[in-house]
Amino acid sequence: MSPSTSGPAGRAAAGGGAAEALLEASHLVQEFVVRDYGGVKGGVVHAVSDVSLRIWPGETLGIVGETGSGKSTLARSLLQAPPPKSGAVIFQGQDLVGLRRRELLDTRRHLQMVFQDPFGSLDPTWRVADIIEEPLTAYRIGDRAARRRRVREVLDLVGLDPAQYGRRRPRELSGGQAQRVAIARAVALSPALIICDEAVSSLDVLIQAQVLNLFERLRGELGLSYLFIAHDLALVKQVSDRVAVMYLGKLCEAGPAESIYQAPLHPYTRALLDSIPSPDPEAARKPAGAAIRGEPPSPIHPPSGCRFRTRCPRAQDRCAAEEPLMRELGGGQSVACHFPLSRPAQPAAQVAGQTERS
Amino acid sequence: MSTGSGPGAGHGGIGGSTALLDVRDLSVRFQRRGREALAVNSVTFTVQPRQTLAIVGESGSGKTVSCRAVMGLLPPAAQVTGSARFQGRELIGLSDADIRQHCGRDVAMVFQDPARSLNPTMRVGTQVTEAIRAHQPVSRRDARDRAIELMSLVRIPLPDRRFADYPHQFSGGMRQRLMIAIALACHPRLLIADEATTSLDVTTQAQIMDLLLDLQAQLGMALILISHDLGLAAAYTDDVIVMYAGGIVEQAPTRQLFSHVRMPYTQALLEAVPQLDRPAHSPLPVIGGRPPDPGAPLAGCPFAPRCPRARERCREDAPPLAEQEPGHYWACWFPCQDGGPG
């Protein structure tokens, strides 16, 4: 990915104007060494390879990818947990990479995370009110009375009655309620950006819809930005302004949510969309074999050139020889593919109009 | 739905006599902290040979417990009442030794988490072979040949080379293929897939579903797909059963169900799923509340406290599950009309 087409926000120069990105990651690389018996270096997992992205204030960027695509590693690299191997993460004008622990703690106050399993991220022996108060205490915000007030406020905000739920312990909560507590803890410090890593994936659909609506409401009320990571495309589309699709450590397509779903440019995005079973009875059952074949290659030995080429129906010799760079094909939609799918002949003005940042 | 007049002959059989599996008034109770919890409440359904049936519902709706009751896989503390006949033979109340004659042979099950269902310290080939030899008197060599055959049937590449590999050397999708190979070891007549693709990626899920349907056609099996995913049910099955709070609330042929939803609960489930054709940031229609406590069943309809259409009658009188349109069963006094919850 060249600097001129810096990821999903390649149109920054055109659309951004004077505005400054809330978070800008450039050329992030994260690798892990796997060791064989006896500590011998067995190989390097290329978990995140040269990923660049921007998140604007008040915007939700969705990241879609399958297991092992590196989306969670990407999120953790942004948080510096652990810091990336190389690249920069500019958050609110400050590069987080290489910050000292204390400085990093100060910025993390504005950068919170909600994980998939709420019970795994809430201490089972603590009461709900204490769980939410902990970050406030850690950052020495207000006196005890003020912190207690804030706890009640955020519990109200996420739709849990403070009097009823404040004294409960996590095991006395349902999955949806526990996730609400995790969200309350994340918003208690009034962060600017919340990274949601599969935050609703373990919930039943009815509860999931409630929590998704809660995320949307908080976005409006608190002016939050989200980085919303999930494997479910429909779910990501529901909450995102822009969507980036990840495959084997690289972004393969990025752009406005609507255009990506209506006119995907990357064959992998197309394959993902085709794999979703639709509850529409009129939609014909997909013919067998519509799905992409084979298994994702090992991130220890990613394919040369385009990483999707081993499973791509459109792959040609060039795909193995030359790595496709992210390039914008109009309407804010970028793709890393030598032979992108053609767009349907839809009025370009309409697509461009949707991408205009409000 | 406490009456025995639920769907039994809905698929053309007379009184379910041609049914492969005929479940009648199946209830499962658990004793929990001195209280009795009703996990499955008088469920009646049939599975015909070669039929693909989806059982959908949220966590705790009883979809898994009812199938496990049929398989005899519940802990001894569970009290199972009612009847489940497989090819005419009663399964409920059989001794462990007798139920083994059926489970794994006539009826096989594939679970959600293939990593936990496989023994990590045992070569996968041995695990497939073991499943074959558990029910069939074949020599080791024949079992090995059959295992390799099964592994190629579920499209594991290079099965003779992978025979000696361990589960951790397989991806999630490949492990699920192995589980299917083990389930198919004794030519089951009925395969129950309990959230078998839930932990897999969408592209892998599509591969596994294509595989399951191919195998079903090839081997002439019936398939029960237990899932929380309505999209999966719509795309791959002939008939759908919707469960809520331990009971069946709606049942119909798949196309009929999804184009003419009657039960408000099914409607709520359908609307709450994010769809690709919904505009981004549009609020999802939600219903509040939670399913009733299985330890304290309600007098009326179990969905009434959360139902937007509930009236006085719903809270006092539980609607029975009845065939109200040809092939379409629902348990609701005030069903939805076509064209949304009007």
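The values are calculated or read from the model by the stated rules, or taken from the named source; none is laboratory data. These numbers were taken from a predicted model, which means no experiment stands behind them. Cβ atoms come from the backbone with ideal geometry, glycine included; neighbour counts cover every protein chain shown.
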Inset, instruction - Could you tell me which residue of the stretch B:213-230 is surrounded by the fewest Cβ atoms within 10 Å (Cβ to Cβ), considering only residues that are away from chain A (no Cβ under 11 Å) and under 25 Å from B:R144 (Cβ atoms)? - result: B:Q218
Inset, instruction - Quick one: B:A233 ticks every box in (1) under 22 Å from B:L21 (Cα atoms); (2) at the interface with another protein chain (Cβ under 10 Å from one of its Cβ atoms); (3) surrounded by fewer than 24 Cβ atoms within 10 Å (Cβ to Cβ) except a single one, so which number is it? - result: (3)
Legend entry - Whichever residue in the stretch B:294-342 is basic (K, R) and more than 15 Å from B:Q267 (Cα to Cα) and, among such residues, is surrounded by the most Cβ atoms within 10 Å (Cβ to Cβ): B:R315
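Hey, could you check the stretch B:137-165 for residues that are part of a loop (DSSP other than H, G, I, E, B) and either under 23 Å from A:R293 (Cα atoms) or touching a strand residue (DSSP E or B) at 6+ places or on another chain (Cβ under 8 Å) (or both) and say which is farthest from the other protein chains (Cβ to nearest Cβ)?
Looking at the filtered set, the residue picked out is B:F163.
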Inset, instruction - Identify, from the list A:S334, A:S278, A:S240, the residue that is crowded, with 23+ Cβ neighbours inside 10 Å, in contact with a Gly (Cβ under 6 Å, 6 or more places away or on another chain), more than 20 Å from A:V29 (Cβ to Cβ) and among the small types (G, A, S). - result: A:S240
Legend entry - Whichever residue in the stretch B:171-204 is at the interface with chain A (Cβ under 10 Å from one of its Cβ atoms) and of a type in the set (A, V, I, L, M) and, among such residues, is farthest from B:H102 (Cα to Cα): B:V202
Inset, instruction - Could you check how many residues of the stretch A:198-213 are under 25 Å from A:L22 (Cβ atoms) and buried (at least 20 other Cβ atoms within 10 Å of the Cβ)? - result: 4
Legend entry - Filter result for A:G159 (in a loop (DSSP other than H, G, I, E, B), within 14 Å of another protein chain (Cβ to nearest Cβ) and surrounded by fewer than 22 Cβ atoms within 10 Å (Cβ to Cβ)): yes
Inset, instruction - Taking A:T67 as meeting all but one of (1) assigned to a loop (DSSP other than H, G, I, E, B); (2) hydroxyl-bearing (S, T, Y); (3) surrounded by 19 or more Cβ atoms within 10 Å (Cβ to Cβ), write down the number of the exception. - result: (3)
Inset, instruction - Considering every residue within the stretch A:200-216, establish whether at least one is within 21 Å of B:G231 (Cβ to Cβ), more than 12 Å from every other protein chain (Cβ to nearest Cβ) and touching a Phe, Trp or Tyr at 6+ places or on another chain (Cβ under 9 Å). - result: no
Inset, instruction - Among what's in the stretch B:216-231 and is in a strand (DSSP E or B) and not β-branched (V, I, T), pick the residue that is nearest to B:E195 (Cα to Cα). - result: B:S227
Legend entry - Enumeration of residues in the stretch B:303-316 that are within 14 Å of chain A (Cβ to nearest Cβ) and assigned to a loop (DSSP other than H, G, I, E, B): B:F303, B:C307, B:P308
Inset, instruction - Scan the stretch B:260-271 for residues that are closer than 19 Å to A:V239 by Cα and either in contact with a Ser or Thr (Cβ under 9 Å, 6 or more places away or on another chain) or more than 7 Å from chain A (Cβ to nearest Cβ) (or both) and report the count. - result: 1
Legend entry - Odd one out for B:G300, checked against (1) away from chain A (no Cβ under 14 Å); (2) farther than 24 Å from B:R29 by Cα; (3) part of a loop (DSSP other than H, G, I, E, B); (4) not aliphatic (A, V, I, L, M): (2)
Inset, instruction - Can you run down the residue pairs with Cβ atoms below 6 Å, 6 or more apart or on separate chains, where the first is in the stretch B:272-292 and more than 7 Å from every other protein chain (Cβ to nearest Cβ) and the partner is modelled with pLDDT of 85 or more? - result: B:P285/B:E271; B:G289/B:P305; B:G289/B:R306; B:P291/B:A245; B:P292/B:A245; B:P292/B:P302
Inset, instruction - Go through the stretch A:162-177 residue by residue and tally those that are surrounded by 18 or more Cβ atoms within 10 Å (Cβ to Cβ), in a loop (DSSP other than H, G, I, E, B) and of a type in the set (S, T, N, Q). - result: 0
